[in-house]
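Following: one structure in structure tokens, then a few remarks.
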Amino acid sequence: MREPLVVAHRGASAALPEHTLAAYELALREGADGLECDVRLTRDGHLVCVHDRTVDRTSDGSGVVSESTLAELREFNYGTPDVPAELLTLDTLVELALSWTERPVKLFVETKHPVRFGSLVESKVLAALARFGISTPASAAHARAVVMSFSAAAVWRVRRSAPLLPTVLLGESARYLGGSAATTVGATAVGPSVKTLREHPDTVDKAAAAGRATYCWTVDDRADVELCRELGVGWVATNHPGRTKNWLAS
């Protein structure tokens, strides 16, 4: 069994402001195997990397992402007072991941639901990946992008439109992930929280028996990293990619 591969959750977000270019660049330098981001649509149809419905928590401004234009959202600072940062678009993050030459890096894109734009979010994500030539990989193993969601309907939309693209059905219930939902939507992996994994360690074996990988979030404690290694988790999302890589190497 190989070690779990390490995904930088919103970048190296324990060290630098989440979803900023600097946080992702640091994660790459620290050896991250994958980069995770959340995406939302602006009012004028741009995909931006923002977790919350609003930018209030992560910027010096205020406003609902879906009610604002990209230009309006770019007026705010998403970094620190000393080191300002611009709002990150999905296109810029894809460019960063694909330009990294030291090793292949996967991009894990999470679509948020419910949102006012509904299925348009997945359509826009797939169109963006297609522009970069990574929406139709030869196999899941060679994919440079993965689309994830807590919404089973969103995962189904991706599988239906891009059947070769890997998908992760996220959830906090082992019953939900191990039941008919993942099978019905054709998810290629399940994504339990680390709390769910602690309570239901058989989730990994059940997923493997159904031909699915396991992506676990958000794994920041050493004991949880070791648990994921022992259980055979494929991917661990962490706010500390460098530290997690070092733990797995020891």
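Å³ per residue of the Cα convex hull, for segment 1-67?
Cα convex hull per residue, to the nearest whole number: 97 Å³.
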How big is the gap, in Å, between the Cα center of segment 8-49 and the Cα center of segment 114-130?
18 Å
Segment 40-86: radius of gyration and largest Cα-Cα distance (Dmax), Å
9.9, 31
Where nothing but the Cβ of Lys and Arg (+1) and of Asp and Glu (-1) is charged, how large is the charge dipole of the chain around its Cα centre, in debye to the nearest 20?
880 debye
Among LEU120, GLY211, LEU35, whose Cα sits farthest toward the positive end of the charge dipole of segment 5-249 (+1 at Cβ of Lys/Arg, -1 at Cβ of Asp/Glu, about the Cα centre)?
GLY211
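Between ALA141 and GLU25, how high is the FRET efficiency from 1/(1 + (r/R0)^6) when r is the Cβ-Cβ distance and R₀ = 22 Å? Nearest 0.05. Please list the in-between numbers first.
Numbers: r = 26 Å, r/R0 = 1.17.
Once the sixth-power term is evaluated, E becomes 0.30.
Restricting to DSSP H runs of at least four residues, report the calculated mean residue ellipticity at 222 nm for the chain, -39500 (n - 2.57) per run over all residues, nearest 500 deg cm²/dmol. Write down the numbers at each step before the final one.
On the way: 11 runs with 88 residues, N = 250.
So the helix-based figure for the chain works out to -9500 deg cm²/dmol.
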Paired Rg and Dmax values of the chain, which use every Cα atom, in angstrom
17.1, 50
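Once you have the Cα-Cα distance between GLU199 and SER173, take 0.36 nm times their residue separation minus that, and quote the gain in nm to one decimal.
Details: separation 26, 0.36 × 26 = 9.36 nm, distance 0.98 nm.
Difference between extended and current length: 8.4 nm.
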Which lysines does LYS124 reach when only Cα atoms under 21 Å apart count, and residues fewer than 8 places away in its own chain are ignored?
LYS106, LYS112
Restricting things to alpha carbons, tell me how big segment 155-250 is in terms of Rg and Dmax, in Å.
13.4, 41
Ratio of Rg to Rh for segment 23-118, alpha carbon only, Kirkwood?
0.98
Segment 222-238 - phi-based ³J(HN,Hα) in whole Hz, Karplus 6.51/-1.76/1.60, Gly and Pro as x
4, 4, 6, 4, 5, 4, 4, 5, 5, 7, x, 4, x, 9, 10, 8, 9
Reach of LYS206 by Cα under 16 Å, taken over aspartates and glutamates that are not fewer than 8 positions away in the same chain:
GLU172, GLU230
Along the Cα→Cβ direction, 7 angstrom out, place labels at SER66 and ARG2. What is the inter-label distance in nm?
3.8 nm
Does anything in segment 189-222 have its amide N under 20 Å from the 7 Å Cα→Cβ label point of ARG57, and if so which residues?
192-196, 216-221
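With N set to the number of residues, divide the alpha-carbon radius of gyration of segment 174-217 by 2.2 N^0.38 Å and report two decimals. Can you show the working numbers first?
On the way: Rg = 9.2 Å, N = 44, 2.2 N^0.38 = 9.3 Å.
Relative to the 2.2 N^0.38 Å estimate, segment 174-217 comes out at 0.99.
Rule-based calculations on the coordinates, nothing more; no lab input. Treat the numbers as computed from the prediction; the structure is a model and nothing was measured. As a convention, Cβ positions derive from the backbone with ideal geometry for all residues, glycine included, and neighbour counts pool all protein chains shown.
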